[in-house]
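Worksheet: the structure to be examined is printed underneath.
The values are calculated or read from the model by the stated rules, or taken from the named source; none is laboratory data. Please read these numbers as outputs of a predicted model, since none were measured by experiment. Positions of Cβ are generated from backbone atoms using ideal geometry, with glycine treated the same way; all protein chains shown enter the neighbour counts.
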Amino acid sequence: MASCSTFTQLFLPNSPTPSFSKPRFKHIKATTTTSSLPLSDPLVLRIAETLEDSLTTTPLPSSSSLQKLRDTSSNSVLSLSWPSKKDEAFRFTDTSFIKTSQIKPVSTPSVKLPTDLAHTIFPKLVIIDGYIAGSERINELGSGVFVGSVNEIDCEVIKQRVFEFVSEFQDGDLFWSLNGIGTPDVSVVYVPKECRVEIPLHLMFYSSESEDVGSNVLPVSNPRVLVIVEEGGEIGIIEEYFGGDGKGCYWANSALEMFIGEGGKVTHSYIQRQGPNAAHTKWTVVRQETSSTYKLVEISTGGKLSRHNLHVQQVGGETITELSALHLCLHEQTQDLHSRLVLDHPRGTSQQLHKCIVAHSSGQAVFDGNIKVNRFAQQTNAGQMTRTLLLEPRATVNLKPNLQIIADDVKCSHGAAISDLGKELKDQLFYFLARGINAETCKKALIFSFGAEVIARLPDKSLRENTERH
Amino acid sequence: MREGEVHAVMGKNGSGKSTFSKVLVGHPDYEVTGGTVIFKGENLLDMEPEERSLAGIFMSFQSPVEIPGVSNFDFLHMAYNARQEKQGLPELGTLEFYQIVSTKLGVVKMDPTFLDRNVNVGFSGGERKRNEILQLAVLGADVGILDEIDSGLDVDALQVVAQAVNGLLTSKNSVLMVTHYQRLLDYIKPKYVHIMREPAYKILPVKRTSLNLDKGHLVAVGCMQYPDTRREH
């Protein structure tokens with residue numbers, strides 16, 4: 001049943017839960033005397049309102065889970081303001097390019113991917129500007145596996161699980177909440193108990209609309225994915241982001257929530273190759289139950305501003321978490337990874353490797369890798385390593401590896417290394433030159449070999465080859 | 001230097017021998033303020049380092065640098081294709097190039113696993129020097145400058161290297177050896193020896209007999225003038 005929530009309606013016709021009053025943004029602005037509410041940021045409210053408006057113009061059926069998501073997000077956004085450099089989480093990351101633009105939510109996305117971009121050898125789900133546009137070969141993943149819109153779920157069990165988990169995570173930032181308000185649909189990937197999916201699932205996220213640089217208008221999309229892997233289930237997921245027009249401006253504000261049941265295994269490949277003038281903000285939230293395994297390989301090369309917030313929460317012991325990231329700044333861009341791994345249970349094993357290359361003098365890389373080894377996470381084995389290659393003068397990197405350890409019987413290590421155009425690199429470059437290999441080829445070879453360690457961790461050969469070529 | 005000739009440059013530590021070879025190759029740490037170097041009719045000092053290499057100058061470094069992440073095979077492949085391109089020839093694919101490289105491995109007595117290792121990473125001194133000669137064997141050169149190729153080598157390794165170099169000598173190419181040990185000259189017999197003199201207060205007289213040059217000629221006692229110090233070396 002289609003249900004358009006307007007600003008003054010307070011009821012949900014199809015919700016299993018009793019309706020509750022949810023403040024809407026216009027309502028808040030009109031009221032000037034609600035002193036009990038924290039002072040809301042007018043810019044944020046305006047953006048939230050714009051996103052809400054866009055959803056009312058294209059009425060998609062709205063399941064209860066989607067409604068729950070929207071409500072929770074709307075509530076949270078009231079106390080959030082646009083991040084500034086004074087906020088620790090955005091100290092080195094300048095979001096003014098999004099802030100000063102006129103945000104234009106994409107409400108009529110194109111229906112098809114351009115054919116030259118549609119290739120993949122895996123079963124796929126295509127999401128264009130946040131709207132599900134199509135899927136192929138989903139049936140090959142296995143019986144009981146569901147991949148599709150939250151509104152299309154038939155099975156009651158899956159519906160219940162989705163409702164239970166959707167927007168469970170409350171520690172997000174403004175972009176997380178904006179995604180919850182603005183997402184037109186939630187793509188659900190459900191893997192039942194003991195189901196081992198042999199072939200990976202390729203989620204292709206395409207941004208079809210863009211505006212010229214200097215127009216100050218920014219089309220925005222809010223794709224959202226919810227992955228539930230039940231006990232003993234296994235799946236490989238490839239998440240790939242790209243845009244159409246080479247030089248246009250657009251903003252993709254994406255969020256993916258993942259719940260891995262006991263003994264479950266997920267290998268997650270995240271490839272970000274947005275256009276050079278795009279803004280890409282992404283949240284990945286993963287909840288790991290006992291003895292589950294989560295392996296993430298992230299390759300991020302595109303976007304003018306790319307910010308990945310990764311939060312992995314351990315809710316049971318003996319988990320395995322492997323996080324690898326390769327960030328490349330080949331032109332004037334910022335590549336930012338803020339990751340948080342929270343360990344509250346014993347005998348977890350985790351390894352994090354972050355590598356970035358800044359090959360442009362106006363390029364910037366940011367890394368804040370936080371690992372919390374809390375009181376009950378005894379016998380944790382956690383390692384973290386970050387390495388940077390700065391290939392141009394004035395290229396910048398800001399690294400903050402941080403481990404907060406409370407448990408006293410743990411094995412933790414961390415390291416950070418930055419190589420720049422110092423003697424070592426100069427000598428290497430000269431060695432190439434003295435053999436007739438020009439500086440361009442030399443840089444490419446050094447970049448490639450530096451990144452090879454992370455690319456080698458991509459689980460699928462074809463993906464590795466595609467990435468290497470790119 | 002003429003085609004087919006072997007020259008040696010000798011002198012004590014600090015006399016400027018390695019500086020000389022680095023200047024010939026175009027190392028960015030040095031700026032030439034006077035003098036000329038003519039190579040095959042062209043002014044070498046006007047050329048960029050990679051142009052000099054492609055023109056036919058090869059220098060075997062005294063301390064070859066490590067390049068983690070780049071395999072010996074890939075490095076040689078890139079250098080070889082750079083030369084092919086310069087000569088207007090088609091670039092070789094991996095398999096075809098492997099055929100060429102594997103034949104040269106025997107020259108320096110190294111086995112094929114060596115090609116998979118990263119350039120000079122974890123190599124002993126002897127392995128690094130042999131790697132340099134392998135590169136010379138694969139890429140070819142009109143003038144091979146061997147900068148202290150004998151330093152850090154034991155007798156066996158030195159013999160292998162020297163044999164390899166001798167094997168590469170033809171009537172068309174030349175070798176310039178920079179060294180301060182006589183023993184290298186026992187293996188690779190020079191036609192000419194150039195001596196870099198000491199700073200004025202420490203001149204060491206050159207004795208013909210100590211150089212054991214039965215068939216060679218002591219040609220020149222060289223001078224390199226350093227602008228700031230006004231000392232002759």
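Does A:HIS345 qualify as being outside any strand (DSSP E or B), of a type outside the set (A, V, I, L, M, F, W, C) and surrounded by 19 or more Cβ atoms within 10 Å (Cβ to Cβ)? Considered against the rule, which asks whether it is outside any strand (DSSP E or B), of a type outside the set (A, V, I, L, M, F, W, C) and surrounded by 19 or more Cβ atoms within 10 Å (Cβ to Cβ), A:HIS345 comes out as yes. Return yes when B:LEU185 is surrounded by 19 or more Cβ atoms within 10 Å (Cβ to Cβ) and among the aliphatic types (A, V, I, L, M) and no when it is not. Answer is yes for this residue.
Of the helices (runs of 4 or more DSSP H) lying entirely inside the range B:99-191, those carrying at least 3 residues that are hydrophobic (A, V, I, L, M, F, W, C) and under 21 Å from B:GLU3 (Cβ atoms) are B:125-139, B:155-168. Among the residues of the range A:57-107, count how many are in a helix (DSSP H, G or I) and under 16 Å from A:VAL220 (Cα atoms). Going through the range A:57-107 one residue at a time, the tally reaches 5.
Within the range B:133-149, how many residues turn out to be among the acidic types (Asp, Glu) and either more than 12 Å from chain A (Cβ to nearest Cβ) or touching a Pro at 6+ places or on another chain (Cβ under 6 Å) (or both)?
To start, the set of residues in the range B:133-149 that are among the acidic types (Asp, Glu) comprises B:142, B:147-148.
Next cut, either more than 12 Å from chain A (Cβ to nearest Cβ) or touching a Pro at 6+ places or on another chain (Cβ under 6 Å) (or both) only: B:142, B:148.
The number of residues fulfilling the criteria is 2.
Taking the criterion of being among the charged types (D, E, K, R) and either within 25 Å of A:ILE235 (Cα to Cα) or crowded, with 18+ Cβ neighbours inside 10 Å (or both), the residues of the range A:141-181 that qualify are A:GLU152, A:ASP154, A:GLU156, A:LYS159, A:ARG161, A:GLU164, A:GLU168, A:ASP173. Under the condition of being in contact (Cβ under 8 Å) with a residue 40 or more places away in the chain and hydroxyl-bearing (Ser, Thr, Tyr), which residue from the range A:312-354 is farthest from A:GLU440 (Cα to Cα)? Restricting to residues being in contact (Cβ under 8 Å) with a residue 40 or more places away in the chain and hydroxyl-bearing (Ser, Thr, Tyr), the top hit is A:SER324.
Please go through the range A:362-383 and pick out each residue that is part of a loop (DSSP other than H, G, I, E, B) and surrounded by fewer than 23 Cβ atoms within 10 Å (Cβ to Cβ).
Taking the range A:362-383 as the starting set, the residues that turn out to be part of a loop (DSSP other than H, G, I, E, B) are A:362-363, A:374-380.
Scanning the range A:362-383 gives A:SER362, A:ASN374, A:ARG375, A:PHE376, A:GLN378, A:GLN379.
Listed here are the residues, each with its yes/no results for (1) under 21 Å from the mean Cα position of the chain (by Cα); (2) crowded, with 18+ Cβ neighbours inside 10 Å.
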{"site": "A:SER73", "(1), (2)": "yes, yes"}
{"site": "A:LEU78", "(1), (2)": "no, yes"}
{"site": "A:PRO83", "(1), (2)": "yes, yes"}
{"site": "A:ASP87", "(1), (2)": "yes, no"}
{"site": "A:PHE92", "(1), (2)": "yes, yes"}
{"site": "A:SER96", "(1), (2)": "yes, no"}
{"site": "A:GLN102", "(1), (2)": "no, no"}
{"site": "A:SER110", "(1), (2)": "no, no"}
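Among B:GLY56, B:GLY106, B:GLY35, which is the only one that is on the phi > 0 side of the Ramachandran plot, of a type outside the set (Ser, Thr, Tyr) and more than 13 Å from chain A (Cβ to nearest Cβ)? Give the derivation first.
Working: B:GLY56 fails: more than 13 Å from chain A (Cβ to nearest Cβ); B:GLY106 fails: on the phi > 0 side of the Ramachandran plot.
Result of the check over B:GLY56, B:GLY106, B:GLY35: B:GLY35.
I'd like the full set of residues that are in contact with a Ser or Thr (Cβ under 9 Å, 6 or more places away or on another chain) and either among the hydroxyl-bearing types (Ser, Thr, Tyr) or closer than 16 Å to B:PHE20 by Cβ (or both), limited to the range B:40-59. Walk me through how you get there before you give the answer.
To start, the set of residues in the range B:40-59 that are in contact with a Ser or Thr (Cβ under 9 Å, 6 or more places away or on another chain) comprises B:43-45, B:59.
If the condition is that a residue be in contact with a Ser or Thr (Cβ under 9 Å, 6 or more places away or on another chain) and either among the hydroxyl-bearing types (Ser, Thr, Tyr) or closer than 16 Å to B:PHE20 by Cβ (or both), then B:LEU44, B:LEU45, B:MET59 are the ones that fit.
Look at the range B:96-124: where a residue is over 19 Å from B:ILE149 (Cβ atoms) and a partner is in a loop (DSSP other than H, G, I, E, B), sitting 6+ places away or on another chain with Cβ atoms under 7 Å, you get B:SER102/B:PRO112; B:VAL121/B:GLU66.
If you go through the range B:77-98 one residue at a time, how many are over 22 Å from A:LEU433 (Cβ atoms) and either of a type in the set (Lys, Arg) or outside any helix (DSSP H, G or I) (or both)?
Applying the first criterion (over 22 Å from A:LEU433 (Cβ atoms)) to the range B:77-98 yields B:90, B:93-96, B:98.
Now restrict to residues that are either of a type in the set (Lys, Arg) or outside any helix (DSSP H, G or I) (or both): B:90, B:93.
The qualifying residues number 2.
Among the residues of the range B:1-19, how many are closer than 21 Å to B:ALA141 by Cα and part of a loop (DSSP other than H, G, I, E, B)? Adding up the residues that qualify gives 5.
Of all the criteria given as (1) of a type outside the set (Ser, Thr, Tyr); (2) away from chain A (no Cβ under 14 Å); (3) loosely packed, with under 15 Cβ neighbours inside 10 Å, the one not satisfied by B:HIS7 is (3).
Looking at B:GLU66, B:GLU96, which one is surrounded by fewer than 19 Cβ atoms within 10 Å (Cβ to Cβ) and more than 10 Å from every other protein chain (Cβ to nearest Cβ)?
Working: B:GLU66 fails: more than 10 Å from every other protein chain (Cβ to nearest Cβ).
Answer to the selection: B:GLU96.
Here is a yes/no grid of residues against (1) surrounded by 18 or more Cβ atoms within 10 Å (Cβ to Cβ); (2) small (Gly, Ala, Ser); (3) at the interface with chain B (Cβ under 8 Å from one of its Cβ atoms):
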| position | (1), (2), (3) |
| --- | --- |
| A:ILE405 | no, no, no |
| A:ASP409 | no, no, no |
| A:HIS414 | no, no, no |
| A:ASP420 | no, no, no |
| A:LYS423 | no, no, no |
| A:LYS426 | no, no, yes |
| A:LEU433 | yes, no, yes |
| A:ILE437 | yes, no, yes |
| A:PHE450 | yes, no, yes |
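Given the condition surrounded by fewer than 24 Cβ atoms within 10 Å (Cβ to Cβ), in a loop (DSSP other than H, G, I, E, B), out of contact with any helix residue (DSSP H, G or I) (no Cβ under 6 Å at 6 or more places or on another chain) and modelled with pLDDT under 95, answer yes or no: does some residue in the range A:280-300 qualify? Within the range A:280-300, not a single residue is surrounded by fewer than 24 Cβ atoms within 10 Å (Cβ to Cβ), in a loop (DSSP other than H, G, I, E, B), out of contact with any helix residue (DSSP H, G or I) (no Cβ under 6 Å at 6 or more places or on another chain) and modelled with pLDDT under 95.
The requirement of being under 23 Å from A:THR301 (Cα atoms), outside any strand (DSSP E or B), within 14 Å of another protein chain (Cβ to nearest Cβ) and in contact (Cβ under 8 Å) with a residue 40 or more places away in the chain is not satisfied by A:ILE357.
Listed residues A:GLY236, A:GLY246; which is over 24 Å from A:GLU49 (Cα atoms), part of a loop (DSSP other than H, G, I, E, B) and not charged (D, E, K, R)? Reasoning before the result, please.
Working: A:GLY236 fails: part of a loop (DSSP other than H, G, I, E, B).
Only one candidate qualifies: A:GLY246.
If a residue has to be within 15 Å of the chain's Cα centre (by Cα) and either within 14 Å of chain A (Cβ to nearest Cβ) or not β-branched (Val, Ile, Thr) (or both) to count, how many in the range B:10-32 make the cut?
First, pick out the residues of the range B:10-32 that are within 15 Å of the chain's Cα centre (by Cα): B:10, B:17-27.
Okay, now just the ones that are also either within 14 Å of chain A (Cβ to nearest Cβ) or not β-branched (Val, Ile, Thr) (or both), so B:10, B:17-18, B:20-27.
Number of matching residues: 11.
Within the range B:23-57, the set of residues being without any contact (Cβ under 8 Å) to a residue 40 or more places away in the chain and charged (D, E, K, R) comprises B:ASP29, B:GLU31, B:GLU42, B:ASP46, B:GLU48, B:GLU50, B:GLU51, B:ARG52.
For B:GLU91, are the conditions met, namely being more than 30 Å from B:GLY125 (Cβ to Cβ) and either touching an Asp or Glu at 6+ places or on another chain (Cβ under 9 Å) or within 7 Å of chain A (Cβ to nearest Cβ) (or both)? Spell out the reasoning first.
On the way: more than 30 Å from B:GLY125 (Cβ to Cβ): yes; either touching an Asp or Glu at 6+ places or on another chain (Cβ under 9 Å) or within 7 Å of chain A (Cβ to nearest Cβ) (or both): yes.
So B:GLU91 passes the test.
Would it be correct to say that A:THR386 is assigned to a helix (DSSP H, G or I), β-branched (Val, Ile, Thr), under 26 Å from A:GLY303 (Cβ atoms) and away from chain B (no Cβ under 14 Å)? In short, no. Considering the range A:452-462, and only residues there that are more than 8 Å from chain B (Cβ to nearest Cβ) and among the hydrophobic types (A, V, I, L, M, F, W, C), the residue that is nearest to A:LEU296 (Cα to Cα) turns out to be A:LEU458.
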